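I have placed the structure first, in the form of structure tokens, so that the comments after it can refer back to it.
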Amino acid sequence: MDFQTLVFFFLSAILIVASLRVITARNPVHAALHLILAFFTCGGIWALLQAEFLAIAIILVYVGAVMVLFLFVVMMLDINMDRIRQGFWNYLPLGAILGLLMVLEMGLVLGSKYFQVPAADAIVPAGISNTKSIGALMFSEYVYPFELASIVLLVGMIAAIVLTYRGPKKTKYTNPNQQVFVKAKDRVRVLQMPVEKD
Amino acid sequence: MDALMNFGQGIFGGIWPAVWTLLKIVLIVAPLMLSIAYLTWAERKVIGYMQVRIGPNRVGPWGLIQPIADGLKLLMKEIVVPSGANKAIFIIAPMLAIAPALAAWAVVPFNDTLVLANIDASLLYIMAITSMGVYGIILSGWASNSKYAFLGAMRAAAQMVSYEISMGFALICVLMVSNSLNLVDIVHAQEQGRFASWGVSFLSWNWLPLLPMFLVYLISGVAETNRAPFDVCEGESEIVAGFHVEYSGMAFAVFFLAEYGNMILVSTLTSIMFLGGWLSPVGFLPDGILWLFAKVAAILFLFLWFRATFPRYRYDQLMRLGWKVFVPVCLIWLVVVGVWMMSPLNIWN
């Protein structure tokens, strides 16, 4: 067993344990933390596959931004575990069917060689930057799908803002814009007064 | 060097590359820790003189042994874990704070060859690793089971995520003009230019053509390291000491190490990306690692100066600065740089 295989099994073991803990941990914050660990390990495995751009991107986007906000929300929630566990047996059949479907799909993808679907052989020639080639492809060949994805994301962002907008504020609030442009002479007037003598 | 390599090979055999890498890591981390210790001393001295005091002056000459004494004191103190705290996360949080601050140094170059890992996407690596520093702060706040700590953690999370965006945009401009993600190449891209050929090379470094981005990066760097005037997550007048209010002893010291380590990291990155790294400012002096150290020290002095002079931002003003000033400035300058590069006036080819 060479060093790379050893690293792969090491990372895979962590990934599997972390993913299992995501769904079994009783504390939602612990579950979120295990999800972060799973993303991070996933990045490690991708780096092992020489996809360094994807590896760094998943850490930058998911670990560095998405999960921070996710953790932010999970920490604020007051989750009652007993109430969540109430419907466990009712939902079990539906959940089991969905789980089996996912396993089937993954099996089809991973076992595509067995089902005679040609898989792409990725051989990275030396001296070619992964990041540069992805960038070049994204802005030349796949520019329309890329722009489309950006527009979908923009629409999603605006939709989230519209859904949570509760109309103009009724309360009094300060406007930091006006505050930072205030000059001393707007607030304080220095008067010259003769000295009073009595 | 070859003799050393052969000697190591002879003693350790096959595992020599691993041992050699570990040695190099020690050679980076040990001076870093020493710099952190003396940065705290410098901070107290500089702020002391700015406020017409003399700062630490009892332990050793000019108080030079003060940081060692502080470190020993913190090492001896008991680590108190609050009874309502989530113990495991409470202990892990300081480690999560310091690990990214140290891991980022793996790709930071000190000169052409003095770099632990000269990888292609080192800029991306740094962005990814530094974006994880916020977890230590959020988790310490949550695990402490204290309202002040939690408020501090919430503020830190919102602040760091916001300023990371403008920081990322500033770096995108840098990588556009240097046409590379590799930090060594980014420094070398600043070597050429009209001013460099006239012998005044400090005018062809990135800070001048990318001046707005330089300022945005510097200020976002201060915000990203939670330093004054952006230290709302500690804000001792409002929330006691913020996220580390429940920490004592070495656990508290580790947060401090992380904060000062991040300061040095941001200063180094600013020098590499905008101030030409180890390049000499004028043509007739040789390049060298001392230039990098001088630039880092100058930026660190700025950090201390900020702390001594500016009052703390209010939370809403800080968010306004991040989202309503820096992000639009970055977006506009991104387009300006793009158009500039495509026009005949392009200076980066």
Filtered residue count, segment A:165-193, keeping only those that are of a type in the set (S, T, N, Q) and open to solvent by 100 Å² or more (accessible area, probe 1.4 Å): 2
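Here is a yes/no grid of residues against (1) in contact (Cβ under 8 Å) with a residue 12 or more places away in the chain; (2) of a type in the set (Lys, Arg); (3) in a helix (DSSP H, G or I):
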{"residue": "B:LEU318", "(1), (2), (3)": "yes, no, yes"}
{"residue": "B:TRP323", "(1), (2), (3)": "yes, no, yes"}
{"residue": "B:PRO328", "(1), (2), (3)": "no, no, yes"}
{"residue": "B:ASN349", "(1), (2), (3)": "no, no, no"}
Selection from segment B:130-152 of residues that are of a type outside the set (Ser, Thr, Tyr) and facing chain A (nearest Cβ under 8 Å): B:MET132, B:VAL134, B:ILE138, B:LEU139, B:TRP142, B:PHE150
Among the residues of segment B:24-53, which ones are more than 21 Å from B:PHE306 (Cβ to Cβ) and either open to solvent by 80 Å² or more (accessible area, probe 1.4 Å) or in contact with a strand residue (DSSP E or B) (Cβ under 8 Å, 6 or more places away or on another chain) (or both)? B:VAL26, B:LEU27, B:LEU34
Restricted to segment A:79-130, and to residues that are closer than 24 Å to A:HIS30 by Cα and open to solvent by 100 Å² or more (accessible area, probe 1.4 Å), which residue is modelled with the highest pLDDT? A:TYR91
Kindly list, by first and then second residue, each pair from a residue in segment B:232-244 that is farther than 21 Å from B:LEU321 by Cβ to a residue that is aromatic (Phe, Trp, Tyr), limited to pairs with Cβ atoms under 6 Å and residues at least 6 apart or on different chains. B:VAL240/B:TYR148; B:HIS244/B:PHE252; B:HIS244/B:PHE255
Filtering helices (runs of 4 or more DSSP H) wholly in segment B:59-178 for at least 3 residues that are open to solvent by 40 Å² or more (accessible area, probe 1.4 Å) and closer than 30 Å to B:ILE239 by Cβ gives B:66-76, B:87-103, B:147-178
Mind counting the residues in segment B:105-128 that are facing chain A (nearest Cβ under 8 Å) and touching a residue at least 12 places away in the same chain (Cβ under 8 Å)? 6
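The values are calculated or read from the model by the stated rules, or taken from the named source; none is laboratory data. This one's a predicted model, so the numbers in the text were calculated from it and none came from an experiment. FYI the Cβ positions are ideal-geometry reconstructions off the backbone, even for glycines, and counts take in every protein chain you see. These area figures cover heavy atoms from the full protein model, side chains too; ligands, DNA and RNA do not enter into them. Shrake-Rupley method; radii C 1.70, N 1.55, O 1.52, S 1.80 Å.
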